[in-house]
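The next block holds one structure in the form of structure tokens; read it before the comments.
The values are calculated or read from the model by the stated rules, or taken from the named source; none is laboratory data. These numbers come from a predicted model, not from an experiment. Counting neighbours? That spans all protein chains shown, and the Cβs are built from the backbone with ideal geometry, glycine included. Keep in mind that these areas ignore ligands, DNA and RNA; they rest on the heavy atoms of the full protein, side chains included. Shrake-Rupley method; radii C 1.70, N 1.55, O 1.52, S 1.80 Å.
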Amino acid sequence: AAKRAGRNRICRFDKSLDDNLRRRRAIEAGLSKAIAGKELELHYQPIIDGNTLNVAGFEALLRWKSAELGQVSPAVFIPIAEESGLIRSIGDWVIRQALNDCCDWPQQYVAINLSARQFNGADMVQILRGHADTAGVPYHRVHIEVTETAFFEDARGAAETLGALQSLGFGIALDDFGTGYSSLFSVKNFPLDVIKIDKCFIDGLGLEPQAAPIISAVIHLARGLGLKVVAEGVETEDQRQALQLLGCSHLQGYLFSKPQSRSHILTWLKARQTAERKSF
Ligand code: C2E
Ligand code: MG
Ligand code: MG
Ligand code: MG
């Protein structure tokens, strides 16, 4: 009986591997038609200035509603797009779309996530510059968000590209700070304007004694280097208060707004600005 159970277990294991592979292929096939099929959409999530509580910018977050697979999370399809090389065309679409959309809100910047793979071989400076010029968006209104993985394969090349972008006026944000292997190395070696503290540290506020001292240290580090800090994934009023006491310059999370479609975020922005005027 034990043997049979064992064999069954192996069978199940093989089957789930097979299912995974099939799903992966389906995602790849679906993604390759997603642009032409108009299945991609950008949602926007506000980034709030912690001192004034004004909206400083909006982060563009990609949404995919596949005809065959339904809604698929970017946490699932972005890695597959990276491995299959589809990230180039998808990333290009994201940049173009985000730069068009941000003309709707002339006061705030737009933050665009870029994958490590988009850097390799492609001339990111030309691509970003070209799309910004076409859309008529000044470079300083565009932030790019990269994670440390962008630096792994060709650190010197990445530093040069980021440096060129920064000197043109683009803002550079290091995303998911603290979750990589060499966060301090990255801060030392790459031109940056913003550090985004990963949600996992914010989650710990009020629950784990380590959370506040770690966040405080990152804020001091950033201040010493003249960088701004965004706390990611702020969900509660208690977290907001703690972060403001710690001197965090910017806040982002469901407490303020979930990522929303372009038209919804504009309605949200108008309502917020009306409320602001009333409170003066
Ligand atoms: P990220 O850039 O670190 O984005 C933050 C993620 O946290 C987003 O998930 C956002 O919706 C979510 N989030 C924000 N505030 C809260 C909160 O208060 N609570 C919770 N539970 N979650 C919150 P999303 O949209 O699923 O994106 C996941 C990741 O996919 C992003 O992480 C980014 O790495 C990647 N991604 C999304 N859009 C793009 C894109 O256009 N290009 C590239 N290359 N990657 C993208
Ligand atoms: Mg991001
Ligand atoms: Mg992040
Ligand atoms: Mg992330």
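At R0 = 25 Å, how high is the FRET efficiency between GLN107 and TYR254 if r is their beta carbon distance? Nearest 0.05 is fine. Please list the in-between numbers first.
Working: r = 23 Å, r/R0 = 0.91.
Using R0 = 25 Å, I get an efficiency of 0.65.
Can you tell me what share of the DSSP beta bridges in the chain is antiparallel? A percent to the nearest 5 is fine.
Counting only bridges with both partners in the chain, antiparallel ones make up about 45 percent.
Counting just the Cα atoms, what span does the stretch 211-257 cover along each of its three principal axes? Round to the nearest Å and put the largest first.
29, 18, 13
In whole percent, how big is the carbon plus sulfur part of the accessible area of the chain, probe 1.4 Å, protein atoms only? Could you put the intermediate results ahead of the total?
Working: 7900 of 14780 Å².
Roughly 53 percent, rounded to a whole number.
Using Cα-Cα distances under 8 Å and only pairs 6 or more residues apart, what relative contact order does the chain have, in percent? Write down the numbers at each step before the final one.
Details: 399 pairs, mean separation 47.7, N = 280.
Rounded, it is 17 percent for the chain.
From the residues PHE190, GLY163, TRP64, which one has its Cα farthest along the dipole of the chain in the positive direction, the dipole being from +1 and -1 charges on Cβ of Lys/Arg and Asp/Glu about the Cα centre?
Final value for the positive-end residue is TRP64.
Can you give the Kirkwood hydrodynamic radius for the stretch 39-89, in Å, rounded to one decimal and based on Cα pairs?
The Cα-based Kirkwood calculation yields 12.8 Å.
Working from Cα positions, state the angle (0 to 90°, nearest 10) between the long axis of helix 211-225 and the longest principal axis of the chain.
Once rounded, one gets 60 degrees.
Report the calculated FRET efficiency for THR267 and ALA122 (r = Cβ-Cβ distance, R0 = 41 Å), to the nearest 0.05.
With a Förster radius of 41 Å, E is 0.70.
Helix 87-101 against the longest principal axis of the chain: what's the angle in degrees, Cα atoms only, rounded to the nearest 10?
Rounded to the nearest ten degrees, it is 30.
Considering all alpha-carbon pairs of the stretch 121-179, what whole percent are spaced by more than 14 angstrom? Mind dumping the intermediate values first?
On the way: 968 of 1711 pairs.
That tail contains 57 percent of the Cα-Cα pairs.
For the chain, find the longest principal axis of its Cα atoms and tell me its angle to the long axis of helix 155-168, 0 to 90°, nearest 10.
Helix 155-168 sits roughly 40 degrees off the main axis of the chain.
What per residue convex hull volume, in Å³, do the alpha-carbon atoms of the stretch 1-158 yield?
Here the figure is 175 Å³ per residue.
Can you give the convex hull volume of the alpha carbon atoms of the stretch 225-280 per residue, in Å³?
Expressed per residue, the convex hull around the Cα atoms of the stretch 225-280 is 117 Å³.
Could you work out the relative contact order of the stretch 189-280, using alpha carbon pairs under 8 angstrom and six or more residues apart, expressed as a whole percent?
Dividing the mean separation by the residue count of the stretch 189-280 yields 26 percent.
Pop the C-beta distance of SER73 and ASP193 into the FRET formula with R0 = 35 Å and round what comes out to the nearest 0.05. Numbers along the way, then the final one.
Values: r = 28 Å, r/R0 = 0.80.
Plugging the Cβ-Cβ distance into 1/(1 + (r/R0)^6) gives 0.80.
Return the Cα extents of the stretch 146-280 along principal axes one, two and three, sorted largest first, each rounded to a whole Å.
So the three principal-axis extents are 49, 38, 25 Å.
Leaving out ligands and nucleic acids, and using a 1.4 Å probe, what accessible area per residue does the stretch 1-147 come to in Å²?
Normalised by residue count, the accessible surface of the stretch 1-147 is 53 Å².
Hey, what did the stretch 126-238 get for relative contact order, percent, Cα under 8 Å, at least 6 apart?
For the stretch 126-238, the relative contact order is 22 percent.
Would you list, by chain and number, the aspartates and glutamates whose Cα falls below 19 Å from the Cα of LYS188, excluding same-chain residues fewer than 8 positions away?
Cα-Cα hits under 19 Å: GLU145, GLU148, GLU153, ASP154, GLU160, ASP175, ASP176, ASP198.
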